[in-house]
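Please treat every number below as a calculation from the coordinates, not as lab data. Predicted model, so just to flag it, every value in this text is computed and none were measured. All Cβ positions, glycine included, derive from the backbone under ideal geometry; neighbour counts span all protein chains shown.
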Amino acid sequence: MSSAATNDDVRQDDRERDALLNALSSKWKRFSRQELHLLKSSDDLVAQIVARYGVEQVDARRDVDALLDGRILSARKDSALAR
């Protein structure tokens, strides 16, 4: 795979993650953008929601799963574009 194709893939992944983080910040406004960027998984998000909002884990999981709608929340990949 060429470097240009790889960079395009990274950019697309970054755009998708940013769109997801925007949706998360709209739903859960008590999280800063930085805190959302540090999330590593949906389990991490659920734990943070339980701690921050004091809701039951099952309720937080239901809300996270509904918002993710099949998308996967994973840690951001380091981009070669930043070099």
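Scan segment 1-55 for residues that are aliphatic (A, V, I, L, M), part of a helix (DSSP H, G or I) and within 13 Å of Leu73 (Cβ to Cβ) and jot them down.
Ala19, Leu20, Leu21, Ala23, Leu24, Leu36, Leu45, Val46, Ala47, Ile49
Of everything in segment 37-65 that's touching a helix residue (DSSP H, G or I) at 6+ places or on another chain (Cβ under 8 Å) and of a type in the set (Val, Ile, Thr), which residue is surrounded by the most Cβ atoms within 10 Å (Cβ to Cβ)?
Ile49
How about segment 6-56: which of its residues are under 12 Å from the mean Cα position of the chain (by Cα) and among the hydroxyl-bearing types (Ser, Thr, Tyr)?
Within segment 6-56, Ser25, Ser41, Ser42 meet the criteria.
Please specify each residue of segment 4-47 satisfying the condition of being touching a residue at least 24 places away in the same chain (Cβ under 8 Å) and of a type in the set (Ser, Thr, Tyr).
Scanning segment 4-47 gives Thr6, Ser41, Ser42.
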